[in-house]
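What follows is one structure encoded as C-alpha cells, with my remarks underneath.
The values are calculated or read from the model by the stated rules, or taken from the named source; none is laboratory data. None of these values were measured; they are calculated from a predicted model. Glycine also receives a Cβ, built like all others from the backbone with ideal geometry; neighbour counts cover every protein chain displayed. Heavy atoms of the whole protein, side chains included, go into the accessibility calculation; ligands, DNA and RNA do not. Shrake-Rupley method; radii C 1.70, N 1.55, O 1.52, S 1.80 Å.
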Amino acid sequence: MIMKSRWCICALANNMKFFHVMVSNLTKNMKDMAWIVFNDDRLADKTQSIENELVNAGIRRYKVVKATKVNDEFKKLVEDPASVTEYRLSMCLLFLWHVEKHFKSWDNMLYVDDDVVFTPIADDIFEIEKCSFFTGDGFMKMAVKSEQYRLLTESMIEMFDDRFDANELSADYVSSCAFTINRSQFDFDKYEKQLVKFFNDPVVFDFMHRSRKATGFHTDEMFLSSFIHDCGLTDGDFGKMLAFIISKDDKIRDVTMNNWFKRKCLIHIGNTTWKNVTYDRLIANGLVNV
C-alpha cells in the first residue's frame, strides 16, 4: 500500500488486555506510523505497561500522554477547573485539542479506543484521507430525542451559533470509538472554543454528576456529534469500515465473527458486560494474535 500522506494513530488505553490485543494485530504500515497513546492516570498510571506493549509490537515512534498533564493544561481555560478534573471522560474530547497543540507533523489521524481490534485488511482505512465517523449507533440516535436526554440535547445545541434540532443531531449522531481526522478539514480553533463552552456548561455537569457510571448519558459523544454536525463533517464512509458490536455474546455466530475479519477494517467490541467473553472467543477461534 502506498501512503499518500502522513498518518498518525491515536489511542486511548486504559485496559491492558484490550490494548494488548490491539497492538498484537497490527499491519506493517501501522507499526511504521507515529503513535500517540493517552492514558487516564487518574484511574491508574499505565505508562510503563503501555510503552512495553508498543515496544514489543515493534512500534518505534510513540508518545504516551497522561490525562493529568492534559487536564492541567486545559483547565486554565475554563471558569471552574473542577469541571475538567472531575469529568471522567475528559480524554475522549481533550486528546484532539492536545495533539493539535503539541504534535503537528501529521496530515491524517486514525483514532481508536482500546477496545477496537484491527483486521488483516485494516490498511484500507488509510484510503479515506478525510474526516470520517461512524453514524450507525441506533440506540443513541433514539436516546438523543428522548425526554430523558431533552435538557442535555437542548444544552448541546445551544452551545453552537448555527442552530439545529434534535432530529438533525440524531441523524448525524457519531460514535467516538473510532474515526479519522483530516487536519486541514478540522477547525481546531473552533473546537477549543466549543470545548470551553462545554466544560463551562452547568447542564452538562448536572447530567455528569447524576450518572452512575462514567459513560452515562454519553456526554462526550453528544458534544462530538454536535460539533461534527455543526461543521458539516458527517459522511457515511466510516460505516463501511467498522463492525460495531453491542449485542450479547451468545447472539454472535462464529460465521459472523469470521466475516468481520474478511470484510471490515476495524471491529469495536462495545458490548460492555460481554466484552471479555467476546475477546475470549476471538482468541479461541484464532482470529486474533495474542
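Observations on the structure shown:
- Unique residue being free of Cβ contacts under 8 Å to residues at least 24 places away in the same chain and either touching a Gly at 6+ places or on another chain (Cβ under 8 Å) or of a type in the set (S, T, N, Q) (or both) when the list is THR278, THR256: THR256
Rundown of residues vs (1) of a type in the set (Gly, Ala, Ser); (2) open to solvent by less than 50 Å² (accessible area, probe 1.4 Å); (3) more than 16 Å from the chain's Cα centre (by Cα); (4) closer than 26 Å to PHE227 by Cβ, yes/no style:
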| residue | (1), (2), (3), (4) |
| --- | --- |
| TRP35 | no, yes, no, yes |
| ILE50 | no, yes, yes, no |
| VAL55 | no, no, yes, no |
| GLY58 | yes, yes, yes, no |
| LYS104 | no, no, yes, yes |
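- Residue check: GLU51 meets all listed conditions (1) over 30 Å from LYS262 (Cβ atoms); (2) assigned to a loop (DSSP other than H, G, I, E, B) but one, namely (2).
- Residue list for segment 60-83, filter: open to solvent by less than 30 Å² (accessible area, probe 1.4 Å) and under 14 Å from ALA34 (Cβ atoms): VAL64, VAL65
- First in segment 88-100 and within 14 Å of ASP187 (Cβ to Cβ), second anywhere and acidic (Asp, Glu), Cβ under 7 Å, 6 or more apart: TRP97/GLU192
- Within segment 132-154, being of a type in the set (S, T, N, Q), open to solvent by 10 Å² or more (accessible area, probe 1.4 Å) and closer than 22 Å to TYR191 by Cβ holds for one residue alone: THR135.
- Number of the exception - PHE261 against (1) in a strand (DSSP E or B); (2) touching a Pro at 6+ places or on another chain (Cβ under 7 Å): (1)
- Matching option when the condition is hydrophobic (A, V, I, L, M, F, W, C) and touching a residue at least 60 places away in the same chain (Cβ under 8 Å), among ALA34, ALA57, ALA67: ALA34
- Matching residues, segment 221-267, being among the β-branched types (Val, Ile, Thr) and either surrounded by 20 or more Cβ atoms within 10 Å (Cβ to Cβ) or under 20 Å from GLY138 (Cβ atoms) (or both): ILE228, THR234, ILE245, ILE246, ILE252, THR256, ILE267
- Residues (within 21 Å of CYS231 (Cβ to Cβ) and either of a type in the set (Phe, Trp, Tyr) or free of Cβ contacts under 8 Å to residues at least 60 places away in the same chain (or both)) located in segment 109-150: TYR111, PHE133, PHE134, LYS141
- Going through (1) free of Cβ contacts under 8 Å to residues at least 24 places away in the same chain; (2) farther than 27 Å from VAL84 by Cα one by one, PRO202 falls short only on (2).
- The sole residue among THR153, THR135, THR85, THR119 that is of a type outside the set (Asp, Glu) and either in contact with a Pro (Cβ under 9 Å, 6 or more places away or on another chain) or farther than 30 Å from HIS20 by Cβ (or both) is THR153.
Here's the yes/no breakdown for (1) under 20 Å from the mean Cα position of the chain (by Cα); (2) of a type outside the set (Gly, Ala, Ser); (3) assigned to a helix (DSSP H, G or I):
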residue	(1), (2), (3)
MET22	yes, yes, yes
VAL64	yes, yes, no
THR68	yes, yes, yes
ASP72	no, yes, yes
LEU94	yes, yes, yes
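- Residues satisfying the stated conditions in segment 187-203, i.e. open to solvent by 10 Å² or more (accessible area, probe 1.4 Å) and either out of contact with any helix residue (DSSP H, G or I) (no Cβ under 7 Å at 6 or more places or on another chain) or assigned to a helix (DSSP H, G or I) (or both): PHE188, ASP189, LYS190, GLU192, LYS193, VAL196, LYS197, ASN200, PRO202, VAL203
- Among residues of segment 155-186 being of a type in the set (D, E, K, R) and within 18 Å of the chain's Cα centre (by Cα), the one that is surrounded by the fewest Cβ atoms within 10 Å (Cβ to Cβ) is ARG183.
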